[in-house]
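Here the structure comes first, spelled out in structure tokens, and everything after it is commentary.
The values are calculated or read from the model by the stated rules, or taken from the named source; none is laboratory data. Note that the structure is predicted; figures quoted are calculated from it, not measured. So basically every Cβ, Gly included, is an ideal-geometry build from the backbone, and we count neighbours across all protein chains shown. The protein model used for the area step is the full one, side chains on, heavy atoms only, and it has no ligands, DNA or RNA in it. Shrake-Rupley method; radii C 1.70, N 1.55, O 1.52, S 1.80 Å.
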Amino acid sequence: GQTSFNPLFIYGGVGLGKTHLIHAIGNKILERSPEKKVIYLSSDAFTVEFIEAVQGDRINEFSAFYKGMDVLIIDDIQFLVGKEKTQDLFFQIFNSLHQTGKQIILSSDKPPKDLKGLNERMISRFSWGLSADIQPPDFETRIAILKNKSESYGIELSNEILEYIAHNITSNIRELEGCLIKLLANSSLNSKEINFDLVK
């Protein structure tokens, strides 16, 4: 929180590993500094907790809890769009944490400037620190992911098969994994070996 990387705003398309990445950051912080108060939650969970705090007349307690964190990690911040009261309280918490040198880490499917429906002052705050764009994996990375996943599933695939899959599934990691699972299921349910024809 004491660097110019605050907030750290990670954005990119679906299935590219943003959630895994921000979890890993939180885990690494706790590994290095176990005394730190680190919390991860989705913006939907934050909204639900806020609504429960309003219903239970515990807004001050809710706000104080989050302002007491050393690291606040919020996943899918774009889901605060249209939730004015939640945005207002989050804005207060954000300012308090930022002013006291606490780290804020956010993820989204879009860069801050494209988050239509969030109030401008929040978009401005999100742009203060470092925004990191997570891109779909390149061909070599897709091959490495496929090799790693196929080994973890206990299947050995030829380079021809790996390259064919990597050329045809380019958008995200979840689709690559899904393809391997379908292959494995198809092979085992139909008692077929995984060959190039089955892959095609």
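Points worth noting:
- The residue of the range 1-37 that is modelled with the highest pLDDT, among those that are of a type in the set (Phe, Trp, Tyr) and open to solvent by 40 Å² or more (accessible area, probe 1.4 Å), is Tyr11.
- Residues of the range 142-153 that are open to solvent by less than 60 Å² (accessible area, probe 1.4 Å) and of a type outside the set (D, E, K, R): Ile143, Ala144, Ile145, Leu146, Ser150.
- Condition met for Tyr40 (aromatic (Phe, Trp, Tyr), modelled with pLDDT of 95 or more and open to solvent by 40 Å² or more (accessible area, probe 1.4 Å)): yes
- Criterion applied to Glu156, Glu193 was being under 18 Å from Ile143 (Cβ atoms) and open to solvent by 80 Å² or more (accessible area, probe 1.4 Å), and the one residue passing it is Glu156.
- Within the span defined as the range 107-122, one or more residues are within 13 Å of the chain's Cα centre (by Cα), modelled with pLDDT of 90 or more and under 26 Å from Ser63 (Cβ atoms).
- Conditions (1) within 25 Å of Leu80 (Cα to Cα); (2) among the basic types (Lys, Arg); (3) outside any helix (DSSP H, G or I): number failed by Lys113: (3)
- If the condition is being surrounded by fewer than 19 Cβ atoms within 10 Å (Cβ to Cβ), hydrophobic (A, V, I, L, M, F, W, C) and under 14 Å from the mean Cα position of the chain (by Cα), then the range 68-106 contributes only Phe79.
- Failed criterion for Thr170 (all others in (1) closer than 26 Å to Lys18 by Cα; (2) at pLDDT 85 or above; (3) surrounded by fewer than 16 Cβ atoms within 10 Å (Cβ to Cβ) hold): (2)
- Cβ-Cβ under 7 Å pairs, at least 6 apart or on other chains, the range 171-200 side more than 18 Å from Ser158 (Cβ to Cβ), far side open to solvent by 50 Å² or more (accessible area, probe 1.4 Å) and not in a helix (DSSP H, G or I): Ser171/Pro136; Asn172/Val14; Asn172/Pro136
- Hits in the range 176-190 (condition: closer than 14 Å to Ile145 by Cβ and surrounded by fewer than 13 Cβ atoms within 10 Å (Cβ to Cβ)): Ile181
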